[in-house]
1. Please list, ordered by chain and number, the residues whose modelled amide H lies under 5 Å from the amide H of ALA17; skip anything fewer than 5 residues away on the same chain.
2. In the Gaussian network model of the chain, springs joining C-alpha atoms below 10 Å, which of ASN11, ASN67, ASN79 carries the largest mean-square fluctuation?
3. Which semi-axis lengths, in whole Å and largest first, follow from the square roots of five times the eigenvalues of the Cα gyration tensor of segment 87-163?
4. List the relative contact order of the chain as a percent without decimals, with contacts defined as Cα pairs under 8 Å and 6+ residues apart.
5. Would you mind computing, in nm to one decimal, how far apart the modelled labels at GLU6 and TYR41 are, each placed 7 Å from Cα along Cα→Cβ?
6. Quick query: amide H of GLU77 versus all other amide H atoms, modeled in the peptide plane; which residues come in under 5 Å with a sequence gap of 5 or more or a different chain?
7. Using the Cα atoms of the chain, I'd like the radius of gyration and the largest Cα-Cα distance, Dmax, both in angstrom.
8. Can you work out ³J(HN,Hα) from phi for every residue in segment 26-32, in order, using Karplus 6.51 cos²θ - 1.76 cosθ + 1.60 and θ = phi - 60°, giving whole Hz and x for Gly and Pro?
Amino acid sequence: MNGNDEMKFRNKVDVSAPIDVVFMEVSDFPAIEKRAAKRGYDVQRLDVLREPGPGMVWDVSFEFRNNMREMEVELVELNAPDKMCVVSRSSSFAGSMIVDFLALSRTQTRVSLELELKAQNLTARLMLQSIKLMRSNLMNKLEGRMKGWARQIENSYRMSDVS
């Protein structure tokens, strides 16, 4: 495959909260499952692990372009409080999400996100080309979501710090 068969997104956001707090929020998998369900995703946990860690697997179904899509998502790395890596597979795409956490100070954390999507067949390549046309719009949405998420963590941290 060549560069036309893949797409990468990178973004970062600074959060006014300690790295341990930020990592704990990002790795709260039951909360992530609930947020996904509220957005219309059907999320089913497939593994039987009792503690969060590599090997956690989910089956995720969602509608995209009037078609139901399914993918398997697996947590492959969870190194508190520095890094988390998730891979996804479907019949059309393979993807990865790497999240790095860097303590800028005792109460400031930088979260860097890298998303990579690879087409697995011709139909997926064509879909990826149309997604590439929307790249700047998608980057703006990603940035907005990350900033909103950072503000939620900061507000939650401030509220818990007050009590």
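Laboratory data are not the source of any read-out in this text; all were calculated from the coordinates shown. Note that the structure is predicted; figures quoted are calculated from it, not measured. With ideal geometry, Cβ positions are generated from the backbone for all residues, glycine too; neighbour counts draw on all protein chains shown.
1. It is GLN108, THR109, by chain and number.
2. Comparing ASN11, ASN67, ASN79 in the GNM, the peak value goes to ASN67.
3. Values: eigenvalues 229, 38, 22 Å².
Largest first, segment 87-163 gives 34, 14, 11 Å.
4. On the way: 277 pairs, mean separation 46.5, N = 163.
Computed value for the chain: 28 percent relative contact order.
5. Going by the 7 Å Cα→Cβ label model, 2.2 nm.
6. Amide H neighbours of GLU77, under 5 Å, 5+ apart: CYS85.
7. Radius of gyration, then largest Cα-Cα span, for the chain: 16.7, 55 Å.
8. These are the phi-based 3J(HN,Hα) values: 5, 9, 7, 5, x, 5, 4 Hz.
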